[in-house]
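Pasting in a structure now, in structure tokens, and then I'll have a few things to ask.
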Amino acid sequence: MRETEKAAKQQEAEAAKAAKQQEAEAAKAAKKQQAEAAEAAKTAKQQEAEAAKAAKKQEDAAKKQKAEAEKAEAEKAAKKQKAEAAKKAGPIPKRKVAPGGKPGSDQNKKSKAR
């Protein structure tokens, strides 16, 4: 009878040891899973941040391109307006020269004084 009790105690101890070992392994696996989930969340957050950064960069580039296009359009319109104003003003009148005289000569000045 003593031997059966001894064997039962030994079996009980082995079962407790195995249960403890299984519990430790389960805790270790849960911890590993938790770490993997945290890493996945970190990676996802990083990717989201990178995507947002890329989107902002693209948006800034689009804004810059739009501003450049508007500037070019404004310059074109200003040039056109200037050309139209010059066209409306007509040709620049030339100074009249006295008959037989040269522009800027004394003869010219004399004819103006008359």
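Taken together, the values in this text are just the output of simple stated rules run on the coordinates, not laboratory data. In this text, all values refer to a predicted model and were calculated from it rather than measured experimentally. Please note: Cβ atoms are built from the backbone with ideal geometry, for glycine as well, and neighbour counts cover all protein chains shown.
I'd like the per residue volume of the convex hull spanned by the Cα atoms of segment 14-73, given in cubic angstrom.
25 Å³
Moving on to the next point. Determine, from the Cβ-Cβ distance of LYS32 and GLU12 and an R0 of 22 Å, the FRET efficiency 1/(1 + (r/R0)^6), rounded to the nearest 0.05.
Efficiency at R0 = 22 Å is approximately 0.15.
Separate question: If the cut-off is a Cα-Cα distance under 29 Å, which lysines reach LYS9, setting aside same-chain residues fewer than 8 apart in sequence?
Partners found: LYS17, LYS20, LYS28.
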